[in-house]
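Contents: one structure, followed by commentary.
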Amino acid sequence: VQTDFDWDVNEAAAKSLARMGNASEKQMIQLLAFPRSHLQIIAADHLGRLRSADAVPGLLKLSAAEDSDKFVQLVCIRSLGEIVKTHAALATRIVPTVIRGLRDGEGIVRQAALDAAAALVPGTREGDDLFKALMDCAADPNPQIAVKAGDLVTAISKSAGELIRRSR
């Protein structure tokens with residue numbers, strides 16, 4: 001995948017590798033570091049579908065890179081949201097990236113961050129910051145983002161109220 005300079009060949013090879021499923025996990029993690037955004041997108045998406053805990057460090061690094069393409073960032077954030085569904089213990093590592101995504105200037109990145117936020121386990125250490133970022137998104141000029149963020153804020157509030165009632 002990494003030795004051919006033709007992007008069509010790179011893409012076809014990466015997609016073939018992805019079709020191998022779990023057997024390609026290590027190679028896909030390596031592709032996250034390859035400096036071609038279309039390969040990073042294929043790798044990040046595949047690793048999210050696998051819900052690969054081993055991919056989290058690479059996805060976090062790639063999503064935080066200053067020079068990352070916005071589509072790369074959104075796929076990384078979306079994949080982190082998928083991974084946390086299976087590996088809840090990773091939520092505290094993922095929350096800062098989701099918060100950064102919620103505050104991004106691009107609506108597509110905020111939308112991916114909202115999807116990831118919906119998968120996060122309530123009660124993470126950064127819960128207050130996440131809630132504040134969701135509240136900010138509830139006032140977003142994009143109505144789809146505002147509605148989804150408002151729905152998440154409502155769901156979190158209801159969940160917190162139920163926990164308080166049960167603890168009494």
³J(HN,Hα), Karplus 6.51/-1.76/1.60, whole Hz, each residue of the stretch 83-93, x for Gly, Pro:
5, 5, 4, 9, 10, 4, 5, 7, 4, 5, 6
Whenever you get a sec, line up 79, 167, 37 from highest to lowest accessible area (probe 1.4 Å, protein heavy atoms).
167, 37, 79
Semi-axes of the stretch 46-168 from the Cα gyration tensor (sqrt of 5 times each eigenvalue, largest first, whole Å) come to 23, 18, 11
Find how much the distance from residue 168 to residue 108 grows on full extension, using 0.36 nm per residue of separation minus their present alpha carbon separation; answer in nm with one decimal.
17.5 nm
Calculate the spin-label point distance for residue 86 paired with residue 67, positioning each point 7 Å from the Cα along the beta-carbon direction, and give it in nanometres.
3.2
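Run through the stretch 66-168 and list the GluC sites (Glu not before Pro) located in a DSSP loop whose Cβ has at most 12 other Cβ atoms within 10 Å.
Loop-located and lightly packed - 66.
The values are calculated or read from the model by the stated rules, or taken from the named source; none is laboratory data. Keep in mind that this is a model prediction, so the values were computed, not measured. Backbone-built Cβ (ideal geometry, glycine too); neighbour counts: all protein chains shown. For the accessible areas, the whole protein counts, side chains as well, though only heavy atoms, and no ligand, DNA or RNA atoms are used. Shrake-Rupley method; radii C 1.70, N 1.55, O 1.52, S 1.80 Å.
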